[in-house]
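Student: I am attaching a structure below and will ask some questions about it afterwards.
The values are calculated or read from the model by the stated rules, or taken from the named source; none is laboratory data. Keep in mind that this is a model prediction, so the values were computed, not measured. Glycine gets a Cβ as well: all are built from the backbone with ideal geometry, and neighbour counts include every protein chain shown. Protein only, heavy atoms only, side chains kept; ligands, DNA and RNA dropped before computing areas. Shrake-Rupley method; radii C 1.70, N 1.55, O 1.52, S 1.80 Å.
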Amino acid sequence: MMAVNRQVTRHSYRVCTGLYRPLSCSSSVSMVQKVLVRPPQDVPGAEGQAAFFRAGIGGFFQERPMLKNPFLEDALLQGYLRRHLPSEAVYSDLRVFGERLVREVDGWGRECEVTPPRLVTYDPWGCRVDRIVTSPAWQRMKDLSAQEGLVAIGYERSYGEWSRVYQMCKLYLYSPSSGLYTCPLAMTDGAAKVIQSLGVSWPVADAFSRLTSRDPEHFWTSGQWMTERRGGSDVVRDEQGMVQGIEVQRLKDKLGTRQMPTAELLLDSLPAHRLSEEGRGVACIANMLTVTRIHNSVSAVAGMRRVLQLARDYATRRSTFGKLLRDHPLHMQTLARMEVETRGAFLLVMEVCRLIGREETGHASQLETHLLRLLTPVAKLYTGKQAVAVISEGLESFGGQGYIEDTGLPAMLRDAQVLSIWEGTTNVLSLDVLRCVSRSSGLVLQAYFTHTQSLLAAASLPSLSVAVRSVDSALSGLREFLQAAALTPPGFMELAARDLAYSLARIYMGALLIDHASWEGASHSDAYAALRWCEQDLCPVVSKAAIGCYNMKTPPLDAALVYEESTRD
């Protein structure tokens, strides 16, 4: 201890590891006591001087959210399977797979994020090689995808018309931990679907076998691109591993999906086989678009579910204002709203999976075929937007940690942004819905109204009556809107296209939530979710039309607003 005499006007202080407190105010001469701590061994103090010392950081460290078995944590998924696919083998497989995701696969996904792919254009001797180097975890993802049958399940059809539901449920669990490997799997599934629809024969029989294989050594993944500057894909190589007729121009630097290589390619004398009739290429890949859009929707709802699982675990570990987050009603209200959005999205996506499964096995009625055509773009566009909103809200539930890169949380939001872009932006898909209606002469809408009404008619629980009335009222409003819209100028429906697609989604999701809450094995939470969903504006196209949003005078006003120029000199 060292004593120092010093003139002070009023107080004297004891200095102790940087903290000061008054000792006495009775004398104009005071003593300052300084308690020295032993300096770090690698920071020696100068002789005769006080050594540098640091304040302690304290003993509190916030617990991080823990990922638990995503299958066992998902009550809605389990309830859905008990109702529609009550197979012990499926349940057991998904439970074991969920454990594997926690134990090893989620770590691989993080490795893919922090070790992104890179392009090696030349070897050390100057030869052009165009090799895309990925992390070892990316290769492990490929092996796992084959072993777990993440594409194969949909083509083995061991569960008949429910095989697609089984496959997509497994992908739903896998997607948030996959390091974006679900993207090449979506393209692989799409390629297999095209080959199957055209007939599995030479020269693509071997390719189909590889695309749908469970053998990691035999399994191939597929890329997809259009032969134009705008396209992009992974490379294709010969048996020696050298590129044939493909030059990799660059890897794209993207906002998200950094785990996955996306390349600009130049195709020159690339060996290829024409599968469709000349001029029928786009028509022949329509099945591929259906499959890849379903994959996109599955990834969207999977991201929503994962951020919710982490957020609710965190709410049991983080204390603010003297109590856990889970004990704050406002916080629980926010998570509950996210939960309702996620449940609606899940049931919509599973309905599309059910419909494609019935179509592929020859069980689909004409009504179900029309419904699949309409709901595929609707589900893709709506869930893509939902995912960005819900995951953004989810990051906020972690406070500042949700913005810290090495928590892994920000990557979830970056990766979600691609979901509303890939395989058609929201506006493109909204116009696709209009084309779907027009080309079917309105039959897809008839199927939609008929099926939605049948779901409502089967709901008999008194506790759901308010929700049933809300959906029924919105359905009637939508019908009246469409009847009136038939008399409007052509541009009217184009302006209304996005809100129409949202209305189709919200009404149908409400009906699905009511239907799921009505089965005998449903929980009280299922009914509550249906009621909460139906509190919102289920038919925004009617609300917006009522205030003149689709008036044909608005397009030039919109353009003038967007491009208004300053009048200042």
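Student: Can you tell me the FRET efficiency between residue 483 and residue 405 if r is taken as the Cβ-Cβ distance and R0 is 35 Å, rounded to the nearest 0.05?
Tutor: So the FRET efficiency works out to roughly 0.10.
Student: What nm distance separates the two modelled labels at residue 327 and residue 365, each placed 7 Å from Cα along Cα→Cβ?
Tutor: 5.3
Student: To continue, here is another question. Bin width 10 Å, alpha-carbon pairs only: give the P(r) of the stretch 414-551 as whole percents, running from 0 to the bin holding the largest distance.
Tutor: Distribution as computed: 12, 37, 32, 17, 2 percent.
Student: Another one. In the calculated pair distance distribution of the chain, what percentage of Cα-Cα distances lie above 46 Å?
Tutor: So the pairs more than 46 Å apart make up 27 percent of the total in the chain.
Student: Rounded to the nearest 10 Å², what accessible area does residue 419 have for a 1.4 Å probe in the complete protein model?
Tutor: The value for residue 419 is about 20 Å².
Student: Could you work out how much longer the chain between residue 425 and residue 139 gets when fully extended? Use 0.36 nm per residue separation minus the Cα distance between them, nm to one decimal.
Tutor: Gain on extension, residue 425 to residue 139, equals 99.9 nm.
Student: I've got another one for you. Let me test this: with uniform point scatterers at the alpha carbons of the stretch 247-391, what is the Debye-based log₁₀ I(q)/I(0) at q = 0.08, 0.17, 0.21 1/Å?
Tutor: -0.38, -1.06, -1.21
Student: Let me ask another. Per residue, how much accessible area does the stretch 344-384 have with a 1.4 Å probe, in Å²?
Tutor: I get 24 Å² per residue for this part.
Student: Residue by residue through the stretch 104-110, which ³J(HN,Hα) values in whole Hz follow from phi under the Karplus form 6.51 cos²θ - 1.76 cosθ + 1.60 (θ = phi - 60°), with glycine and proline marked x?
Tutor: Per residue, the Karplus-derived 3J(HN,Hα) values read 9, 5, 4, x, 4, x, 5 Hz.
Student: If the reach is capped at under 16 angstrom between alpha carbons, list the aspartates and glutamates near residue 323, excluding any in the same chain fewer than eight residues apart.
Tutor: List returned: 63, 313.
Student: Let me ask something else about it. Could you give me the ³J(HN,Hα) list for the stretch 334-339, computed from phi with Karplus coefficients 6.51, -1.76, 1.60 and θ = phi - 60°, whole Hz, x at Gly and Pro?
Tutor: Coupling constants for the stretch 334-339: 5, 5, 5, 5, 5, 4 Hz.
Student: Length gain on complete extension for the stretch residue 255 to residue 217, per 0.36 nm per residue less the alpha carbon to alpha carbon distance?
Tutor: Result for the pair: 10.4 nm of gain on full extension.
Student: Sticking with this one: Residues with beta-carbon under 14 Å from that of residue 95, excluding residue 95: net charge, scoring Lys, Arg +1 and Asp, Glu -1?
Tutor: -1
Student: If eta is 0.692 mPa s and T is 37 °C, what Stokes-Einstein diffusion coefficient results for the stretch 362-437, Kirkwood Rh from Cα pairs, in µm²/s? Spell out each step's value before the answer.
Tutor: Working: Rh = 14.2 Å.
Answer from the Stokes-Einstein relation: 231 µm²/s.
Student: Also, quick follow-up: When the accessible area of the stretch 311-355 is computed with all protein chains present and a 1.4 Å probe, what percentage of it is carbon and sulfur?
Tutor: Working: 1050 of 1950 Å².
That fraction is 54 percent.
Student: Can I ask one more? At 1.4 Å probe size, with no ligands or nucleic acids counted, give the accessible surface of residue 157 in Å², nearest ten.
Tutor: Accessible area of residue 157: about 70 Å².
Student: Right, something else. Using 0.36 nm per residue of separation minus the Cα-Cα distance, give me the extension gain between residue 78 and residue 61 in nm, one decimal.
Tutor: That pair, residue 78 and residue 61, stretches by 2.6 nm at full extension.
Student: So what are the ³J(HN,Hα) numbers for the stretch 354-365, from phi and the Karplus equation (6.51, -1.76, 1.60; θ = phi - 60°), rounded to whole Hz, Gly and Pro as x?
Tutor: 4, 5, 5, x, 5, 5, 5, 9, x, 9, 6, 6
Student: Counting only DSSP beta bridges with both residues in the chain, tell me the antiparallel percent, nearest 5.
Tutor: 90
Student: Roll a 1.4 Å probe over the protein chains and send me the accessible area per residue for the stretch 68-187 in Å².
Tutor: Here the residues of the stretch 68-187 average 39 Å² of exposed surface.
Student: Continuing with this model, one more query. Work out the FRET efficiency for residue 286 and residue 463 from their Cβ-Cβ distance, taking R0 = 41 Å, and round it to the nearest 0.05.
Tutor: 0.45
Student: Residue 142: which lysines have alpha carbons under 27 Å from its alpha carbon, excluding same-chain residues fewer than 8 sequence positions away?
Tutor: Output for residue 142: 68, 170, 193, 252, 254, 380.
Student: Cα convex hull of the stretch 328-407: mean projected area in nm², to one decimal?
Tutor: 7.1
Student: On to the next question. Mind checking the dipole of the stretch 89-206: about its Cα centre, +1 per Lys or Arg Cβ, -1 per Asp or Glu Cβ, Debye to the nearest 20?
Tutor: Values: 13 positive and 14 negative charges, 22 e Å.
For the stretch 89-206, the charge dipole is close to 100 debye.
Student: What lysines could a cross-link reach from residue 553, if we take a straight Cα to Cα line under 17 Å and drop same-chain neighbours fewer than 8 places away?
Tutor: Cross-link targets: 544.
Student: Based on DSSP H runs of at least 4 residues, each adding -39500 (n - 2.57), what is the mean residue ellipticity at 222 nm of the chain after dividing by all its residues, to the nearest 500 deg cm²/dmol?
Tutor: One gets -17000 deg cm²/dmol as the mean residue ellipticity at 222 nm.
Student: Work out the charge dipole of the chain with +1 on the Cβ of Lys and Arg and -1 on the Cβ of Asp and Glu about the Cα centre, then indicate which of 468, 287, 56 is farthest towards its positive end.
Tutor: 56
Student: Then there's this: What percentage of the solvent-accessible surface of the stretch 384-485, computed with a 1.4 Å probe over protein heavy atoms, is contributed by carbon and sulfur atoms?
Tutor: The value for the stretch 384-485 is 57 percent carbon and sulfur by accessible area.
Student: DSSP loop chymotrypsin sites (Phe, Trp or Tyr not before Pro) in the stretch 137-228 with at most 16 other Cβ atoms within 10 Å of their Cβ, which ones?
Tutor: The qualifying sites are 225.
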